[in-house]
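K.L.:
Just dropping this structure here.
Coordinate-derived values only; no laboratory data. For clarity, every value in this text was computed on a predicted model and none was experimentally measured. No Cβ is skipped: glycine too gets one built from the backbone with ideal geometry, and neighbour counts run over all protein chains shown.
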Amino acid sequence: MIAINRSRGPHTGALAEQEKDLHLIVGVAAAYGAFAVTFRGSSQRFWQRMTTTGIALGGLALASEPELRRTRIRGRDVALGVGAAVGLYAIFQAGDRLVRRVMPKGAEEIGSIYSLRGLRPEAEVAARLALVIAPAEELFWRGFLQRRLAHRIGLWRGAALGATAYAGAHAVTANLTLMGAAGVAGAYWAALAAAGLPMGALIVSHVVWDIWIFLLAPTDLSSRRRNE
């Protein structure tokens with residue numbers, strides 16, 4: 001009886017790596033295209049487009065990385081995630097004041113970002129952020145993109161390139177303040193992911209951060225006082 005050798009040869013392994021690289025390229029291209037459509041389209045349907053983008057990118061990440069499907073959020077993840085969000089908020093409080101002093105259009109650009117929260121009821125925006133948008137961004141940018149990059153070029157180089165790609169996706173907004181904010185937040189979460197923070201905690205951090213900075217305690221303090 002002839003035994004069949006089912007072990008993978010070097011050519012099979014190389015093809016598998018090429019396929020992963022192709023998935024990575026396609027994924028980044030899809031993300032950049034989706035962000036362009038989301039931010040450059042009519043502002044009135046911004047949150048609908050952002051939710052669709054989240055579903056698409058989060059679904060791609062889950063389909064490409066089976067390990068992500070086993071993500072669970074436990075009590076420890078909640079504590080770590082909230083702590084990480086508090087740290088990022090402190091960074092942004094200092095950064096907000098600096099932007100207003102250094103960048104001529106900083107206050108105007110910050111105001112344009114916060115104007116998006118008035119497009120839909122706050123409860124709906126919070127639900128979209130918590131249930132789709134924030135988790136999907138972590139699954140895609142840290143769970144899919146950064147992990148693939150780390151596999152190819154190393155843990156911290158992958159984190160740096162992943163954070164750069166995340167910031168670059170926001171270039172379509174033509175809002176330097178938003179791009180800078182995405183760069184800071186992306187670098188922060190990328191560093192935490194590289195340091196070993198679990199995906200569940202990263203998701204909690206992103207959810208808490210989005211709702212806190214966007215709806216509950218925005219750094220746009222002068223605008224908030226006027227609304228009160």
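K.L.:
For the stretch 173-194, list residues with backbone N below 19 Å from a point placed 7 Å from the Cα of Ala90 toward its Cβ?
P.N.:
184-193
K.L.:
Sticking with this structure for a sec: Could you give each residue of the stretch 118-132 its phi-based ³J(HN,Hα) in whole Hz, using Karplus coefficients 6.51, -1.76, 1.60 with θ = phi - 60°, and x for Gly or Pro?
P.N.:
Values per residue, Gly and Pro as x: x, 6, 9, x, 4, 4, 5, 4, 4, 5, 4, 5, 6, 8, 10 Hz.
K.L.:
Classify the stretch 11-227 as rounded, prolate or oblate, taking a ≥ b ≥ c as the square roots of the eigenvalues of its Cα gyration tensor: rounded when a/c is under 1.5, otherwise prolate if a/b is larger than b/c and oblate if not.
P.N.:
Taking the square roots of the gyration eigenvalues as a ≥ b ≥ c, the stretch 11-227 is prolate.
K.L.:
What number results when the radius of gyration of the stretch 153-209, computed over Cα atoms, is divided by 2.2 N^0.38 Å? Could you put the intermediate results ahead of the total?
P.N.:
On the way: Rg = 11.7 Å, N = 57, 2.2 N^0.38 = 10.2 Å.
It is 1.15.
K.L.:
Multiply the residue separation of Ala174 and Arg70 by 0.36 nm, subtract the distance between their alpha-carbon atoms, and state the gained length in nm to one decimal.
P.N.:
Length gained, Ala174 through Arg70: 33.7 nm.
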